[in-house]
Number of protein chains: 2
Amino acid sequence: MADRGQNGERLRGEEAIIHVLAPLAQGAPGAFDLGDDCALLSPSPGTELVLKTDPVAEGVHFLAEDAPEDIAWKALAVNVSDIAAKAARPLGYLMALSFPEAPAAAWMERFAAGLQAAQESFGCRLLGGDTDRRPGPLTITITLIGEVPAGGMVRRGAARAGEAIFVSGTLGDAALGLMLRKSPDLAAQWGLSADEAAYLIGRYVRPQPRLGLATALRQHASAAMDVSDGLAKDLARMCAASGCGAHVRLADVPRSAAVAKAVACDATLATKIAAGGDDYEVLAAVPESAAAAFRSEALGGGVPVTRIGTMSACSDVVVEDTHGLPLALERTGWDHF
Amino acid sequence: MADRGQNGERLRGEEAIIHVLAPLAQGAPGAFDLGDDCALLSPSPGTELVLKTDPVAEGVHFLAEDAPEDIAWKALAVNVSDIAAKAARPLGYLMALSFPEAPAAAWMERFAAGLQAAQESFGCRLLGGDTDRRPGPLTITITLIGEVPAGGMVRRGAARAGEAIFVSGTLGDAALGLMLRKSPDLAAQWGLSADEAAYLIGRYVRPQPRLGLATALRQHASAAMDVSDGLAKDLARMCAASGCGAHVRLADVPRSAAVAKAVACDATLATKIAAGGDDYEVLAAVPESAAAAFRSEALGGGVPVTRIGTMSACSDVVVEDTHGLPLALERTGWDHF
C-alpha cells in the first residue's frame with residue numbers, strides 16, 4: 001500500500017511540494033517554473049480553447065491503496081478524455097491538490113512520476129496550481145486547457161435522427177476491473193487468467209484518452225462525448241442535448257475478450273457493458289454517409305470504432321438486450337447525488 | 001445560520017444543481033448553457049490568457065455558518081484577485097463543486113445569487129464545471145481565465161533593487177475581521193463602533209479584487225502579486241522570486257481607521273497588519289522614476305496606493321516595527337503545511 005504520510009519523511013511547506021512538481025512545468029514558458037501566482041498561455045492564431053475541470057477524490061474516484069503513479073495518471077486522464085472527445089488536443093493543465101495531512105516525500109515523488117508519464121503520453125504540461133491542507137479525502141482537481149482549430153470543437157448536442165452511433169474501443173472493462181480490484185477472487189469465478197484480470201484492472205486504473213480520434217471526429221462526427229458514467233447514461237445525455245432518441249443493441253456494443261469471457265460465466269455482468277462507469281471511450285454520432293470514412297479515419301489514428309446503433313427521431317433511448325428486450329435504464333450509470 | 005442540507009428540499013441529481021447554476025453562464029456562448037462536456041473560449045487576437053486556480057474549503061477558507069452568498073463571492077474573488085494583480089481582466093471561470101451531502105435547494109439558490117453578484121461586479125461568467133459528492137468539507141474550486149494584452153502580464157519575480165514598494169488599499173482589515181467573526185466581544189474591547197466592526201468583517205467575507213489597478217500596473221509596475229497570506233510572507237515571496245530583498249516600515253503600511261483604533265487599544269494587533277491573511281490587496285514594485293505616475297494612474301482607476309518601502313540589493317526582507325526594530329518574520333503569514 002502506498003503510504004501518503006504515516007511513515008517516512010513528510011514534505012513541510014507548500015514550497016517543498018511545489019519543488020517536487022516543478023519539473024512537470026519544464027518546457028511550458030508560461031508556467032514560470034511554478035514560481036508566479038498565475039500561468040500565462042499564448043493561444044496560437046486560428047485556434048480556440050477547450051476547457052474542462054473534473055476533480056478526483058480518494059474513496060470516490062480512486063482507492064487509498066492505489067499506487068500514487070496511477071492516481072496521478074487517472075486524475076489527468078479523466079480530463080484529457082473529455083478534451084479528446086471534443087476533437088481537441090491538450091495543451092496544459094492547472095492542478096489544485098488538497099491533502100488531509102502533509103504528504104510523505106516518497107509519495108509525492110511517485111505521484112509526480114505518474115503525472116510525468118501521463119503528460120508525456122498525452123502531450124501537455126503542468127502550467128500552475130495550488131496546494132492546501134484540509135480535512136477530508138485527498139482531492140486532485142485538474143483543469144485542462146485544450147486547443148482546437150477555430151470552429152472544430154465537436155459538440156455534445158448536435159446529433160441528428162438517423163445518424164450512426166459509434167463507440168471507440170471496448171466498454172465494460174473498467175467496471176469489471178473495479179470489481180476485481182475490490183474482490184480479486186472474482187477472477188477465478190469468471191474463469192479469467194491472471195493476464196486477463198490484470199488487463200481489466202489496468203483499464204480501470206490507467207484510462208487511455210482517445211486522442212487519436214481527433215481528426216476523425218472533426219472531419220466526420222456531428223456530436224461526441226466521452227463515456228465516463230456508463231454508456232446508457234451518457235448516451236441519454238447526448239440524446240437529451242440533441243433533442244433525439246437512440247436505439248442501440250447491447251450485442252453490438254464492443255467488448256474485450258476478457259469481458260466476453262466473464263459474461264459467459266456470469267450473464268448478469270452484461271449490464272456492466274451498458275451501465276458500468278470509467279470506460280473513458282468516445283461516443284459519437286456520425287451521418288450515415290460518413291460512417292465508413294469515420295471508421296477508416298479512426299483506425300488511421302489507431303482507434304478502432306464500432307457502430308452500436310442509430311439516433312432516432314423519438315425521445316426514447318433504448319438499449320436492446322440480447323433477447324431483443326429493452327434494458328431498464330432507470331438508475332443505470334453513475335450520479336453522485 | 002445558512003442550512004446547506006439538513007432541512008428543506010434537497011437538490012437531487014447533478015442535473016438539478018446544474019439547472020440552478022445555468023443562469024450564471026448566460027451571455028457566454030462557449031458555456032453552451034452548461035450543457036456540453038467542455039467549455040469553448042475564443043481568445044481575442046493580440047491577447048494572452050492568465051490562468052489561476054485556488055480552491056476554498058469550509059472550515060479552512062470560510063466558516064460553515066457563513067452566508068452562501070458570501071461563500072460564493074469569496075470563492076470567485078480570491079481567484080479574481082490574483083488575475084487583477086497580474087494586470088489582467090477576468091473573462092470566465094470553471095467551477096468544481098464538491099458537497100458532502102446533496103445541498104438544499106434554498107442554499108444553492110443563495111449560493112448562485114452570490115456568484116451572480118460577484119461575476120457582475122468582476123465582469124466574468126461561468127463557463128463550465130463539475131459537481132460531485134464526497135466526504136469532507138464543502139469545497140469550491142474555481143479556475144479563472146483572464147485576458148491581458150500580449151506581453152502585458154505583470155510578473156512576480158521581476159522586481160529590482162531600488163524600486164519603490166507599493167501596496168493598495170489598507171492591510172490588516174480582514175485579519176481583524178476574522179477575529180471579530182469568531183469573537184464578537186472583541187469589538188467592545190477594541191473600542192469599535194458597530195459600523196467599524198461590520199466594515200472589518202465585510203473586508204474578510206467580501207474581498208474586493210483590485211481590478212481598477214490594471215492599467216497602472218501594466219504601465220508602471222516591474223512586478224506585482226496579490227497579498228493573501230500576509231504582507232511579510234508575500235513580500236518575501238516577491239523578493240525570493242526577484243532575487244532581491246526589501247525594507248519596509250510597518251508605520252508606513254496603510255491601515256483603515258478601524259484598524260488604527262483597534263491597534264491603539266491593543267498594540268499587539270499591529271503585527272496583524274504585516275502578517276494577517278486575506279487582505280487581497282496588491283503588492284507592487286515600481287521604478288522610482290515611475291512612482292508618482294503609478295500613484296496617479298492607480299487613483300484614476302479608483303484604487304489608492306501607498307508606498308511602504310524600497311526593494312534592496314541584499315536578500316533580507318526587513319519589516320521595521322514602530323520602534324525601528326525588525327519584526328521577527330519567522331512563521332508569519334499563512335502556510336497550509
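The values are calculated or read from the model by the stated rules, or taken from the named source; none is laboratory data. Please read all numbers here as calculations on a predicted model, not as lab measurements. For neighbour counting, all protein chains shown are included, and Cβ atoms are generated from backbone atoms with ideal geometry for every residue, glycine included. The area values use the complete protein model at the heavy-atom level, side chains included, leaving out ligands, DNA and RNA. Shrake-Rupley method; radii C 1.70, N 1.55, O 1.52, S 1.80 Å.
What does the copy distance list look like for residue A:46, label position 7 Å along Cα→Cβ, in nm and ordered from shortest?
So the distances to the same position in the other copies read 2.1 nm.
Cβ under 12 Å from residue A:75's Cβ, residue A:75 left aside: what net charge do those residues give with Lys, Arg +1 and Asp, Glu -1?
Numbers: positive: A:74, A:206; negative: A:54, A:58, A:66, A:69, A:70.
Summing Lys/Arg as +1 and Asp/Glu as -1 gives -3.
What residue among B:139, B:131, B:268 shows peak mean-square fluctuation when chain B is described by a Gaussian network model with Cα springs under 10 Å?
B:268
To the nearest 10 square angstrom, what accessible area does residue B:261 show with a 1.4 Å probe?
80
Tell me the angle of helix A:291-300 to the major Cα principal axis of chain A, expressed in degrees between 0 and 90 and rounded to the nearest ten.
30
Provide the percentage of antiparallel DSSP beta bridges, counting only those with both residues in region A:193-337; round to the nearest 5. Spell out each step's value before the answer.
Details: 10 of 14 bridges.
Just about 70 percent of them are antiparallel.
With a 1.4 Å probe, how much accessible area is buried between chains A and B, both sides summed, in Å² to the nearest hundred?
Details: alone 14770 and 14740 Å², together 24440 Å².
Separately minus together, A and B give about 5100 Å² buried.
Under 16 Å Cα-Cα from residue A:272, which lysines qualify once same-chain neighbours fewer than 8 residues away are excluded?
The reachable lysines, counting only those whose Cα sits under 16 Å from residue A:272, are A:182, A:233, A:261.
In a GNM of chain A with a 10 Å cut-off on Cα contacts, which of A:159, A:75, A:240 has the highest mean-square fluctuation?
For chain A, modelled as a Gaussian network with Cα springs under 10 Å, the answer is A:240.
Which of the lysines could be linked to residue A:52 by a straight reach, that is with a Cα gap under 18 Å, when you skip same-chain ones fewer than 8 residues away?
In chain and number order, the partners are A:74, A:86, B:52.
If you take every DSSP beta bridge fully contained in region B:1-150, what fraction is antiparallel? Give it as a percent rounded to 5. Present the calculation step by step, with values, prior to reporting the outcome.
Values: 21 of 30 bridges.
Roughly 70 percent of the beta bridges in region B:1-150 run antiparallel, per DSSP.
Looking at chain A only, what percent of DSSP beta bridges run antiparallel? Nearest 5 please. Mind showing how you got there, number by number?
On the way: 40 of 53 bridges.
Percent antiparallel among DSSP bridges in chain A is about 75.
Per residue Cα convex hull volume for region B:82-228, in cubic angstrom?
Per residue, the Cα convex hull of region B:82-228 comes to 166 Å³.
From the backbone phi of region A:197-211, what are the Karplus-calculated ³J(HN,Hα) couplings (6.51 cos²θ - 1.76 cosθ + 1.60, θ = phi - 60°) in whole Hz, Gly and Pro given as x?
Residue by residue, region A:197-211 yields 4, 5, 4, 5, 5, x, 5, 7, 8, 10, x, 10, x, 8, 5 Hz.
Would you tell me the mean number of C-beta atoms belonging to other protein chains that fall within 10 Å of each C-beta in B:314-321, as a whole number?
0
Give the average over all directions of the projected area of the C-alpha convex hull of chain A, one decimal, in nm².
Taking the Cα atoms of chain A, their convex hull projects to 17.5 nm² on average.
How many percent of the accessible area of region B:202-337 is carbon or sulfur, using a 1.4 Å probe? Don't skip to the answer; put the middle values down first.
Numbers: 2870 of 5500 Å².
About 52 percent, which is the carbon plus sulfur part of the accessible surface.
Solvent-accessible area per residue for the protein assembly as shown at a 1.4 Å probe radius, Å²?
Counting only protein heavy atoms, the per-residue value for the protein assembly as shown is 36 Å².
How many Å³ per residue does the convex hull of the Cα positions in region B:131-193 occupy?
246
Which order do the peptides A:270-281, B:287-298, A:114-125 come out in when sorted by mean C-beta neighbours inside 10 angstrom, highest first?
A:270-281, A:114-125, B:287-298
Where the Cα atoms of region B:11-166 are projected onto their three principal axes, how long is each span, largest first, in whole Å?
On the principal axes, region B:11-166 reaches 56, 34, 24 Å in Cα extent.
With every protein chain left in place, what is the accessible area of residue A:133 in Å² (1.4 Å probe, nearest 10)?
Taking all protein chains as shown, residue A:133 has close to 90 Å².
Looking only at other chains, what is the average number of their beta-carbon atoms within 10 angstrom of each beta-carbon in A:100-107?
1
Find every distance from the label point of residue B:26 to the corresponding label point in the other copies (7 Å from Cα along Cα→Cβ) and write them in nm, one decimal, shortest first.
Distances to the matching label points in the other copies: 5.0 nm.
Is the shape of region B:231-272 rounded, prolate or oblate, going by the alpha carbon gyration tensor and its root eigenvalues a ≥ b ≥ c, with a/c under 1.5 for rounded and a/b larger than b/c for prolate?
The shape class here is prolate.
Identify the residue of chain B whose Cβ lies closest to the rotation axis that maps chain B onto chain A, and give that distance in whole Å.
Result for the axis mapping B onto A: B:136, 1.
Among B:263, B:115, B:194, flag the residue with its Cα farthest along the positive direction of the charge dipole of chain B, charges on Cβ as +1 for Lys/Arg and -1 for Asp/Glu.
B:263
Just how far, in whole angstrom, is region A:90-147 from region B:242-282 if you go by their alpha carbon centroids?
34
How far apart are the residue B:189 label points across copies, placing each 7 Å from Cα toward Cβ, in nm, shortest first?
Once sorted, the set of distances for residue B:189 reads 6.2 nm.
With springs only between Cα atoms under 10 Å, which of B:245, B:129, B:46 fluctuates most in a Gaussian network model of chain B?
Result for chain B, Cα springs under 10 Å: B:46 fluctuates most.
If the viscosity is 1.002 mPa s and the temperature 20 °C, what Stokes-Einstein diffusion coefficient in µm²/s follows for region A:244-337 when Rh is the Kirkwood radius over Cα pairs?
144
May I ask for the Kirkwood hydrodynamic radius of the protein assembly as shown, worked out over all distinct Cα pairs and given in angstroms to one decimal?
26.2
Once you average over the residues of A:138-147, how many Cβ atoms of partner chains fall within 10 Å of each Cβ? Please report the intermediate quantities before stating the final value.
Details: counts 1, 9, 0, 10, 4, 14, 3, 5, 2, 0.
What the average comes to for A:138-147 is 5.
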